[in-house]
Amino acid sequence: MLGGCSPDYSAVRDWSSQAREAVLPLDVSRVGAELGALPPPPAPVAAEGRAGAVLALQEGIAAWLGLLAYLADDGWPRQRENPLTELVAKVQPFDPEGAAALTSLGEIMAYTARRNTRAPYLRTAIGLGDPHLQAAVVALRRQGDALLAEAPQATVEEPTLPRNATPEQRAAVQELVAARRAELARPHPAQEARRAALDRVAAGHAWMAAHASVISQSEAARLLRAQESELRRLTLLGVAGERR
């Protein structure tokens with residue numbers, strides 16, 4: 001009877017787990033890494049430069065969301081030191097604001113362990129962490145855009161036609177070249193899906209922070225499950241886009 005009266009945070013757990021999956025990089029294998037460790041720790045980031053900063057921001061945000069899912073399931077965090085310190089070092093040279101956000105999230109994570117907190121602390125953790133989560137997401141967007149801008153851009157060269165090419169042939173070639181250039185200029189479907197998912201993660205976390213007093217109620221659970229479903233759809237679109 002007492003268990004039936006306790007707050008139900010299962011919708012928060014499921015949303016946070018799906019949000020974590022939406023944030024994590026698609027091309028980093030996690031098989032065999034820290035099996036059984038809960039909440040899931042961030043994976044080490046070996047990449048250097050801005051690419052390493054982007055991966056570190058993804059891992060840090062995902063680690064925070066994993067902690068929320070663990071707390072919502074009445075887990076007992078044990079990591080009493082900041083678990084994001086190594087990630088912060090990867091981000092600091094490129095985005096001091098993002099590094100500061102990860103530092104703050106990691107300190108809150110360590111604090112929850114030192115206080116031996118469990119599910120009843122979930123609402124406080126969400127409220128404390130939200131401004132730093134939002135700042136980390138903004139930094140991830142910023143560094144992700146910068147990384148894309150630094151990548152070599154594909155170009156389409158107009159082929160050299162023979163002198164005796166007809167006007168119709170020249171027009172056809174120009175049309176094909178224009179179509180190819182337009183195709184390259186369009187945003188990649190996987191990138192757009194992952195941007196949309198990241199926006200959803202930030203919005204969902206902000207909503208929970210603003211409605212922390214009611215996140216265990218049935219109406220809040222319905223809203224969170226609808227958001228979880230949309231996050232799952234966007235994650236699948238991102239995976240499908242990468243494989244095209």
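Derivation of every value follows stated rules applied to the coordinates shown; laboratory data play no part. Note that the coordinates shown come from a computational prediction; the quantities given were computed from them, not determined experimentally. Every residue, glycine as well, gets a Cβ built from its backbone with ideal geometry; the counts of neighbours run over all protein chains shown.
What the table shows:
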{"quantity": "Sequence ranges 87-94, 65-72, ranked by mean other-Cβ count within 10 angstrom, highest first", "calculated": "65-72, 87-94"}
{"quantity": "Approximate spin-label separation W76-Q92, in nm, with each point projected 7 Å along Cα-to-Cβ", "calculated": "3.4 nm"}
{"quantity": "Mean Cβ count within 10 Å, highest first, over the residues of peptides 52-59, 123-130", "calculated": "52-59, 123-130"}
{"quantity": "Computed E for L38/R180 - FRET, C-beta separation, R0 45 angstrom, nearest 0.05", "calculated": "0.40"}
